[in-house]
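Worksheet: one structure, shown below.
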Amino acid sequence: MLNLIADKSELIVSFCAMITSVISLFIAYKAQINQQTHNQLSVKPLAEFLIGDYEDATFIKIKNQGTGPLIIKEFTTRHNNIEFHKIMDALSEIKYDLVWDRFTDSIDGRTIGVDKEIVILQASFDSGQKSLQKELRSELSLFELKLEYNDIYGITQPQLTKKLDWFSRK
């Protein structure tokens, strides 16, 4: 028996080397899959709508609270069962009565960096414009915002929706 093993030792060593190589390839493949999953999770965006309604200002923003860039696929504003890609298109004639601090056109395709934000609309009011601010609040309270976005790997993230009924509070 020992003579048989001694005669075939090269064959046995070659077979063991082949088995070791196959196991090494499998371990390397699993490590690569785990590394790819880790990379995707470590640069994950997290969108949030920021709503501000103060005595002298009203704003709506989108902020990226995640750890990776947020790529906007589609932003829509729903009003009376109609979807608009620009929030200004959803507003009535009040949009012409206000001097806006900022507002944004279509944001589809734009990217928001980590801990950065895009202002959708922002208006400031002085003490003589309280009725105009009340009218804007009333109108915004009927809107619903929807955001569809991806991470940098093109993976679709959970859709974000927010009803703006908070503006209707007393």
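The values are calculated or read from the model by the stated rules, or taken from the named source; none is laboratory data. Since this is a predicted model, take the numbers as computed values, not measurements. Cβ: placed from backbone, ideal geometry, glycine included. Neighbour counts: every protein chain shown. Side chains are part of the model used for accessible areas, which takes the heavy atoms of the whole protein and leaves out ligands, DNA and RNA. Shrake-Rupley method; radii C 1.70, N 1.55, O 1.52, S 1.80 Å.
Structure notes:
- Residues within region 113-137 that are open to solvent by 40 Å² or more (accessible area, probe 1.4 Å) and in contact with a helix residue (DSSP H, G or I) (Cβ under 7 Å, 6 or more places away or on another chain), tallied: 2
- Taking region 39-91 as the range and being in contact with a strand residue (DSSP E or B) (Cβ under 8 Å, 6 or more places away or on another chain) and aromatic (Phe, Trp, Tyr) as the test, the residues that pass are Phe49, Phe59, Phe75, Phe84.
- Filtered by the rule that a residue be of a type in the set (Lys, Arg) and either more than 22 Å from Glu148 (Cβ to Cβ) or touching a residue at least 60 places away in the same chain (Cβ under 8 Å) (or both), region 62-104 gives Lys73, Arg78, Lys95, Arg102.
- Residues that are modelled with pLDDT of 80 or more, open to solvent by less than 100 Å² (accessible area, probe 1.4 Å) and hydroxyl-bearing (Ser, Thr, Tyr) within region 1-49 comprise Ser14, Thr20, Ser21, Ser24, listed in sequence order.
- Residue that is farthest from Ala57 (Cα to Cα) [pool: residues in region 92-108 that are open to solvent by less than 80 Å² (accessible area, probe 1.4 Å) and either in contact with a strand residue (DSSP E or B) (Cβ under 6 Å, 6 or more places away or on another chain) or at pLDDT 95 or above (or both)]: Asp108
- Qualifying residue in region 67-82 (condition: among the charged types (D, E, K, R), surrounded by 10 or more Cβ atoms within 10 Å (Cβ to Cβ) and at pLDDT below 95): no
- Of all residues in region 151-170 being aromatic (Phe, Trp, Tyr) and open to solvent by 70 Å² or more (accessible area, probe 1.4 Å), the one that is nearest to the chain's Cα centre (by Cα): Tyr153
- When the criteria are applied in full, Lys163 fails the requirement of being out of contact with any Phe, Trp or Tyr (no Cβ under 7 Å at 6 or more places or on another chain), without any contact (Cβ under 8 Å) to a residue 60 or more places away in the chain and over 15 Å from Ala90 (Cβ atoms).
- Taken over region 39-91, the residue count meeting the criterion of being within 13 Å of Leu136 (Cα to Cα) and under 10 Å from the mean Cα position of the chain (by Cα) is 0.
- Note on region 50-66: among residues that are open to solvent by 10 Å² or more (accessible area, probe 1.4 Å) and part of a strand (DSSP E or B), the one that is nearest to Thr104 (Cα to Cα) is Lys61.
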